Amino acid sequence: MRTSEEIDKIAAALVKFQGEVESPKKSVENDAFKKGGKALKYADLDAIIKTVTPALAKNGLSQHQFTDTDIENKAVKITTMILHESGQYFFGDTLVLPAESFGKFNAQTVGSAITYGRRYSLSAILGIAPENDDDANSISGQDKADKQNNQQPKTYNKPPEAKVKI
């Protein structure tokens, strides 16, 4: 991650943003993935941008995303930047995604990879997730396996508190 020299104002604004923003709604059906015969839903890029933009603007923040295509490796690169009205900023690490799908590398596969990458990069840098995120268990079969084994879904232990000397 790259940041401006100072980040106090952008950090404070991001804290306020996260306290105000709602989770993007999963409103688009993905027929490629089904559970119980029903297409699973996801929050598309438009839904994420429409959800975060008012809360970003209210807190003096904006998001910018830059894309690049790596033709040689058939990949796309997405870099997401959060900018504060003070001029402070931070960039997330560049996300590199394959843009070849079923042996095809064309405008549609590149566009699809860019849109997919922008959704996940923006959500990650802002610390948000679409409603009812199941950690991909529904498409991986984990939910069904947990129910069959009469187990609870995975939980993760909180890391120990860091000791800071001042």
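The values are calculated or read from the model by the stated rules, or taken from the named source; none is laboratory data. Predicted, not measured: the structure shown is a model, and the values here were computed from it. Virtual Cβ from ideal backbone geometry, glycine too; neighbours counted across all protein chains shown. Heavy atoms of the whole protein, side chains included, go into the accessibility calculation; ligands, DNA and RNA do not. Shrake-Rupley method; radii C 1.70, N 1.55, O 1.52, S 1.80 Å.
Only one of the numbered conditions (1) out of contact with any helix residue (DSSP H, G or I) (no Cβ under 6 Å at 6 or more places or on another chain); (2) part of a loop (DSSP other than H, G, I, E, B); (3) open to solvent by 50 Å² or more (accessible area, probe 1.4 Å) is not met by GLY87, and that is (3).
Restricting the first residue to the range 94-113 and requiring it to be under 21 Å from MET81 (Cα atoms) and assigned to a loop (DSSP other than H, G, I, E, B), which pairs with a second residue that is of a type outside the set (Phe, Trp, Tyr) and open to solvent by less than 30 Å² (accessible area, probe 1.4 Å) meet a Cβ separation below 8 Å and a spacing of at least six or different chains? Short answer, once both residue conditions are applied: THR94/ILE78; THR94/THR79. Taken across the range 120-134, residues that are touching an Asp or Glu at 6+ places or on another chain (Cβ under 7 Å), at pLDDT 55 or above and surrounded by 12 or more Cβ atoms within 10 Å (Cβ to Cβ) do not occur at all. Consider the range 71-84 and keep the residues that are more than 14 Å from GLY117 (Cα to Cα) and touching a strand residue (DSSP E or B) at 6+ places or on another chain (Cβ under 7 Å). The one that is surrounded by the fewest Cβ atoms within 10 Å (Cβ to Cβ) is LYS74. Looking across PHE33, PHE102, PHE17, one residue alone is over 14 Å from the mean Cα position of the chain (by Cα) and open to solvent by less than 60 Å² (accessible area, probe 1.4 Å). It is PHE17. Would you check if THR53 is under 12 Å from the mean Cα position of the chain (by Cα) and at pLDDT 95 or above? In short, no. Among the residues of the range 48-62, is any under 17 Å from ALA113 (Cα atoms) and part of a strand (DSSP E or B)? The answer is no, given that none of the residues of the range 48-62 is under 17 Å from ALA113 (Cα atoms) and part of a strand (DSSP E or B).
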